[in-house]
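Remarks on the structure that follows.
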Amino acid sequence: MQHSHRRQFLQTAAAVATQARPILGANDRVNLGIIGLGGRGRDHVNSYAQLPEARLAALCDVNQEALERAAAMVQKLQGHKAKEFADMRRLLDDKEVDAVSVATPNHWHALTTIWACQAGKDVYVEKPASHNVFEGRQMVAAARKHGRMVQVGSQSRSLFHKIKAMKLLEAGVIGKIYQARGLCYRWRKSIGKTPVTEAPPGIQWDLFLGPAPMRPFTINRFAYNWHWFWDTGNGDIGNQGVHEMDICLWGLRPKSAFPRHVASTGGKFLWDDDQETPNTQQAVFDYGDAQIVFEVRNLQTLGEGGIPFGGSSLVGNLFLGSEGCMEVHPYGFKVYRGEKREVSHEEKPAEDVIWDPRPHMKNFLRAVTSRDPRHLTASIEAGSDAAALCHLANISYRLGRRLALDPAAGRFTGDSEADAMLTRRYRAPYIVPEKI
Amino acid sequence: MKNPIEPWLRGPVPGLDPVLGAVLHAFQHAREELAECSEGLTAEQIWSRPGGVAALGFHIRHVGGAAERLATYATGQQLSERQTGEMRCEVDPGASREELLAELERRLGWCESAIRGIDPATLAEPRGVGRKQLPTTVAGLLVHIAEHAMRHTGQAVTTAMLIRGT
């Protein structure tokens, strides 16, 4: 979730920070390292700093300015000095750190998670879990091999109204589901064009790129806009969209997350800028007896179903079944049944601040201390599946054709060109290992 | 402009035990010679293998990687899975001179911090290397770190001459 309702969040944060809270002993607190301290990483710092079970022990970013800003936040919010690192490998070597929270760009998620698991640390990793399908599988394997708690930042999985909505679907409230729809309508303006320059002092550009190919520095490839370049991001379907994709899978519960076919089309319309990924995208995933239909719109649009706009954005899901339909979104859910579409269930969020990541982080910390994976509401397996669908859609979009898949084998059918896009060519030494 | 005086003759490292300081001198020597011998070479040249010898790119990467691993042992720790995984990809071609030197700098920088943290009174303490925990001492590791870095730097310089045909 990239655009928190920041003012509202900070007000709540300030209120919580001033409340009395129990003092936990050193052994009750999880020593956390935050890796990646851009906008989302600072949300992590701010959120964990308010949780009494978390101690922000270490910080890491390739941008010295971001590192210093986050260190000042920790000093202010928790009253101590966190260790500072530019190279995450050094943070992962630190025995004091119990767990890491990862808010790097997408192309670093897998390697960071795997290295952290190898170093014996638990991991909270932002969505999408992976940058390609292969990486998701390796992350699952690393978590299992090393017995680590790995939670993906799919916050919806810790929201009460969404959990309840999914339970109702599982109980058959709308009968057999034949279509799950994901809507990711977020107005986004043009990123423009930025020239190639030297990387500014204090930014280790080589480390920022990590597993991605070496490219000249441009400001658009850095900061937030890395989302819109295939080397580092996955477009909006893999940014905001992966939340709604996760809910499609959560509600539909297909036997295999891999569909029989995927077809995606769209384009980058209106703007003439540096962005590589589409700003308009449709994707259909065929499961034989049901389908997922997903749509990304980053330009002007009208709404759909009963899903409300939040500012200029509309995100949510529609489930269509034999007995009725459900709309579910950040502001609640509603069930319509029968031909007259009468409302049978309606619920608003239980949380005061619906974009607040702290409940999700608390679940993660609970799993870390209890060693009980049932506290992980967004497992790496689920996160990997949701991300995989975004990647499959992008492969179809980039190749410009409908693709057949072998769900059991987890690859495309007779299509070596598409299969090659399930992974990437890694830049040494930043290589996601074949063998975990 | 190149400093005509080799690092080990530029005076002691301030505030550091002379034995530990000598290792840092070796790192500086490696930095300067690896940067100089690779100057102006393309990635293709850096990863070429004239006469079948190891690529210049491998030597640059190996100097930093091996120093990091040996310094890990010197500080009494064993290698992580991440470190052994990185060791396996040291021969992977493709990285440019700038990428290799940036990575070298990061690794040597970490090694310097680790070496600065070693108490000179512990130089005779035993250390184990590798899965078999072969025996050495802190001093043994420090000497090997320095001589290993310089051995590969020398090979890198020769390889660069072969690439240039000089």
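Only the coordinates and a few stated rules stand behind these numbers; no lab work does. Keep in mind it's a predicted model, so treat the numbers as computed, not measured. Virtual Cβ from ideal backbone geometry, glycine too; neighbours counted across all protein chains shown.
What number, in percent, do you get for the relative contact order of segment A:312-397 if the mean sequence gap of Cα pairs under 8 Å and at least 6 apart is divided by its residue count?
Numbers: 76 pairs, mean separation 11.3, N = 86.
Dividing the mean separation by the residue count of segment A:312-397 yields 13 percent.
Could you give the distance between the Cα centres of segment A:149-174 and segment B:33-63, to the whole Å?
So the two Cα centres are separated by 54 Å.
State, to one decimal in nm², a quarter of the convex hull surface area for the C-alpha atoms of chain B, i.e. the direction-averaged projected area.
Values: hull surface 40.9 nm².
Projected area, direction-averaged: 10.2 nm².
Report D for segment B:108-166 in µm² per second (integer): Stokes-Einstein, Kirkwood Rh on Cα pairs, 4 °C, 1.567 mPa s. It would help to have the intermediate numbers written out before the result.
On the way: Rh = 13.6 Å.
For the chosen part, D equals 95 µm²/s.
Would you mind checking A:Lys127/A:Lys162; A:Lys81/A:Lys348; A:Lys95/A:Lys162; A:Lys127/A:Lys340 for any pair whose Cα atoms are more than 29 angstrom apart? Don't skip to the answer; put the middle values down first.
Values: A:Lys127/A:Lys162 18 Å; A:Lys81/A:Lys348 40 Å; A:Lys95/A:Lys162 37 Å; A:Lys127/A:Lys340 38 Å.
The pairs that break the limit, which is 29 Å between Cα atoms, are A:Lys81/A:Lys348; A:Lys95/A:Lys162; A:Lys127/A:Lys340.
List the relative contact order of chain B as a percent without decimals, with contacts defined as Cα pairs under 8 Å and 6+ residues apart.
Numbers: 195 pairs, mean separation 56.0, N = 166.
Normalised by residue count, the contact order of chain B is 34 percent.
Using the Cα centre of segment B:47-166 as the reference point, and only Cβ charges (+1 on K/R, -1 on D/E), how large is the resulting charge dipole? Debye, rounded to the nearest 20. Don't jump to the answer; show the numbers that get you there.
Values: 14 positive and 13 negative charges, 63 e Å.
Here segment B:47-166 has a charge dipole of around 300 debye.
Estimate the FRET efficiency between A:Lys145 and A:Leu270 by the formula 1/(1 + (r/R0)^6), using the beta-carbon distance for r and 35 Å for R0, to the nearest 0.05. The partial results should precede the final answer.
Values: r = 47 Å, r/R0 = 1.33.
The pair A:Lys145/A:Leu270 has a calculated efficiency of 0.15.
Suppose each label sits 7 Å from its Cα in the direction of the beta carbon; what would the A:Glu434-A:Trp187 distance come out to in nanometres?
Here the modelled spin labels are 5.0 nm apart.
Give the angle, between 0 and 90 degrees and rounded to the nearest 10, that separates the Cα long axis of helix B:56-74 from the longest principal axis of the Cα atoms of chain B.
Around 10 degrees separate the two axes.
Can you pull the three principal axis extents for the Cα set of segment B:82-141, in Å, largest first?
For segment B:82-141, the Cα spread along each principal axis is 41, 27, 17 Å.
If you fit an axis through the alpha-carbon atoms of helix B:97-116 and take the longest principal axis of the Cα set of chain B, what angle between them do you get, 0 to 90°, nearest 10?
The answer is roughly 10 degrees.
Using only C-alpha positions, report the orientation-averaged shadow area of the convex hull of segment A:63-168, nm², one decimal.
8.4 nm²
Build a GNM of chain A with springs between Cα atoms under 10 Å: which of A:Leu183, A:Leu91, A:Leu77 gets the top mean-square fluctuation?
Highest fluctuation of the listed residues: A:Leu77.
What is segment A:241-372 by shape, rounded, prolate or oblate, if you read a ≥ b ≥ c off the alpha carbon gyration tensor as root eigenvalues and call it rounded for a/c under 1.5, prolate for a/b larger than b/c, and oblate otherwise?
Working: a/c = 1.32, a/b = 1.14, b/c = 1.16.
Rounded, because the longest to shortest axis ratio a/c is under 1.5.
What share of all Cα pairs of segment A:226-294, in percent, falls into each consecutive 5 Å distance bin?
Values per bin, smallest distances first: 4, 15, 24, 22, 16, 11, 6, 2, 0.
How far, in nm, would the chain grow between A:Leu77 and A:Arg398 when pulled straight, counting 0.36 nm per residue and subtracting the alpha carbon separation?
111.1 nm
Just to confirm my numbers, what's the Cα centroid distance between segment A:89-113 and segment A:335-356 in Å?
Here the answer is 38 Å between Cα centres.
If you scale each eigenvalue of the Cα gyration tensor by 5 and take the root, what three semi-axes come out for segment A:307-394, rounded to whole angstrom and sorted largest first? Working shown, then result.
Values: eigenvalues 165, 66, 47 Å².
In descending order, the three semi-axes are 29, 18, 15 Å.
Separation of segment B:1-32 and segment A:369-436 by C-alpha centroid, Å?
Their Cα centres are 48 Å away from one another.
Over chain A, what is the mean sequence separation of C-alpha contacts under 8 Å (at least six apart), divided by residue count, expressed as relative contact order in percent? Display every interim value, and only then the final one.
On the way: 919 pairs, mean separation 87.9, N = 436.
Once normalised by length, the contact order is 20 percent.
Straight-line reach only, C-alpha to C-alpha below 19 angstrom: list the lysines that A:Lys268 could link to, leaving out same-chain residues fewer than 8 apart.
A:Lys189, A:Lys193
How far apart, in nm, are two points set 7 Å out from the Cα along the Cα-to-Cβ line at A:Lys95 and at B:Arg116?
2.2 nm
Based on the inverse mean of 1/r over its pairs of different Cα atoms, what is the Kirkwood hydrodynamic radius of segment A:162-202, in Å? Mind dumping the intermediate values first?
Working: mean 1/r = 0.0647 Å⁻¹.
After inverting the mean inverse Cα-Cα distance, the result is 15.5 Å.
For a footprinting-style exposure proxy, rank A:Val328, A:Val335 by other Cβ within 10 Å, fewest first. Please report the intermediate quantities before stating the final value.
Working: A:Val328 29, A:Val335 24.
Ordered from fewest to most neighbouring Cβ atoms within 10 Å, A:Val328, A:Val335 come out as A:Val335, A:Val328.
Average partner chain C-beta neighbours within 10 Å, per residue of A:79-92?
On the way: counts 0, 0, 0, 0, 0, 0, 1, 2, 5, 1, 8, 5, 0, 2.
Whole-number average of other-chain Cβ neighbours for A:79-92 is 2.
With charges only on Cβ, +1 for K and R and -1 for D and E, what is the dipole size of the protein assembly as shown about its Cα centre, in debye, rounded to 20? Intermediate values should be presented prior to the final figure.
Details: 72 positive and 67 negative charges, 220 e Å.
About 1060 debye.
Based on other C-beta atoms within 10 Å, arrange A:Tyr430, A:Tyr331, A:Tyr124, B:Tyr73 from fewest to most. Before the final figure, lay out each step's value.
Numbers: A:Tyr430 19, A:Tyr331 14, A:Tyr124 30, B:Tyr73 22.
Ranking A:Tyr430, A:Tyr331, A:Tyr124, B:Tyr73 by Cβ neighbours within 10 Å, fewest first, gives A:Tyr331, A:Tyr430, B:Tyr73, A:Tyr124.
Please compute, for the alpha-carbon atoms of segment A:175-259, the extent along each of the three principal axes and give them in descending order in Å.
Projected onto its principal axes, the Cα set of segment A:175-259 covers 59, 28, 19 Å.
Among B:Arg31, B:Arg116, B:Arg69, determine the one that fluctuates most according to a GNM of chain B built with springs between C-alpha atoms less than 10 Å apart.
Comparing B:Arg31, B:Arg116, B:Arg69 in a Gaussian network model of chain B, the most mobile one is B:Arg116.
Projecting each Cα onto the charge dipole of chain A (Lys/Arg +1, Asp/Glu -1 at the beta carbon, about the Cα centre), which of A:Gly400, A:Phe208, A:Leu299 comes out farthest on the positive side?
Positive-most Cα among the choices belongs to A:Phe208.
At each listed q (0.17 Å⁻¹), what is the log10 of I(q)/I(0) that the Debye formula gives for segment A:28-98 modelled as equal alpha-carbon point scatterers?
Here the Debye-derived log intensity ratios amount to -0.51.
Going by how many other beta carbons lie within 10 Å of each one, how would you line up A:Glu135, B:Glu86, fewest first?
Neighbour counts put them in this order, fewest first: B:Glu86, A:Glu135.
Inverting the mean 1/r over all pairs of different Cα atoms, compute the Kirkwood radius of the protein assembly as shown and quote it in Å. The partial results should precede the final answer.
Numbers: mean 1/r = 0.0384 Å⁻¹.
Averaging 1/r across every pair of different Cα atoms and inverting gives 26.0 Å.
Identify all aspartates and glutamates with a Cα-Cα distance to A:Lys76 below 16 Å; exclude those on the same chain that are fewer than 8 residues away in sequence.
A:Lys76 reaches A:Asp43, A:Glu68, A:Glu84.
Report the far tail of the P(r) of segment A:136-200, meaning the percent of Cα-Cα pairs longer than 16 Å.
Details: 1550 of 2080 pairs.
When every Cα pair of segment A:136-200 is considered, 75 percent fall beyond 16 Å.
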